[in-house]
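Computed from the coordinates by the stated procedures, all read-outs in this text should not be read as laboratory data. Keep in mind it's a predicted model, so treat the numbers as computed, not measured. Ideal geometry is used to build each Cβ from the backbone, glycine not excepted, and the neighbour counts take in all protein chains shown.
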Amino acid sequence: MAAKTTLLARLRFALWGLVALAAVIAGALVLGHMQEAARQGASLPGAVRIGGEFELIDQNGKAFSSERLKAKPHAVFFGFTHCPDICPTTLYEMTKHLEALGSKANDLAVLFITVDPARDTPEQLNKYLSAFDSRIIGLSGSEAQVADVTKKYRIVAEKVGTSDGGYTMNHTATVFLFDGKGTLVSTLSWEEDEKTRQAKLDRLAERG
């Protein structure tokens, strides 16, 4: 009987693993279609369903509402300050892109929203973002607030334990580009070259 129970448990675990894998593959396929459509200048499938209203706290400890993004094109990236590679690299690239935009960058909002609110307090975000363009806005909040915004932006974010007893975060690493109406119009991917990313941001800053 015990052997049968163990076998059933293993089968159940395997089935859940397949379900989780299918979800990851499906998400990757949807994002892939979105990125390909963006590269070709086509409308993005499901664009209206990504994003939404939120209330968070910026790196200066002040309330930041999605209302401030109305009528203003904006780029949104999710990450965390303890990220070893993708996050600082993306923020460094955004810093270079904003510099290349010149005065047009003043009409573009760039948001860095943490997926690790337990560690990324406003003070921590302020310190971390001091190494990048000062126009990049860091946002944090309560666990519930961050969970709400990641759900609205369809962000995958999961805590993964490390060998030293701490943890890191696996998360979606795409930069989402929205026009002034709050509609997703394109994305930036780490697979794209600098020229392609810059051209997308140039178009975004001009369209309003």
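Side notes on the structure shown:
- The range 116-208: Lys pairs at Cα distance under 28 angstrom, eight or more positions apart or on different chains: 10
- Under a 5 Å amide H cut-off, with hydrogens placed 1.01 Å from N, residue 156 pairs with 172 among residues at least 5 apart or on other chains.
- Scalar couplings 3J(HN,Hα) for the range 160-176, obtained by applying the Karplus form with A = 6.51, B = -1.76, C = 1.60 to θ = phi - 60°, are 10, x, 10, 5, 8, x, x, 7, 10, 10, 8, 7, 4, 10, 8, 9, 9 Hz; x denotes Gly and Pro.
- When only Cα pairs below 8 angstrom with a gap of at least 6 residues are kept, the range 47-207 shows a relative contact order of 32 percent.
- Neighbour counts of other Cβ atoms within 10 Å put 169, 94 in the fewest-to-most order 169, 94.
- Of the chymotrypsin sites (Phe, Trp or Tyr not before Pro) in the range 140-197, those whose Cβ has at most 15 other Cβ within 10 Å and which sit in DSSP loop: 190
- Cα gyration tensor shape for the range 101-153, rounded if a/c is under 1.5, else prolate or oblate: oblate
- Close amide H contacts of residue 167 (hydrogens built in the peptide plane, cut-off under 5 Å, sequence separation of 5 or more or a different chain): 162.
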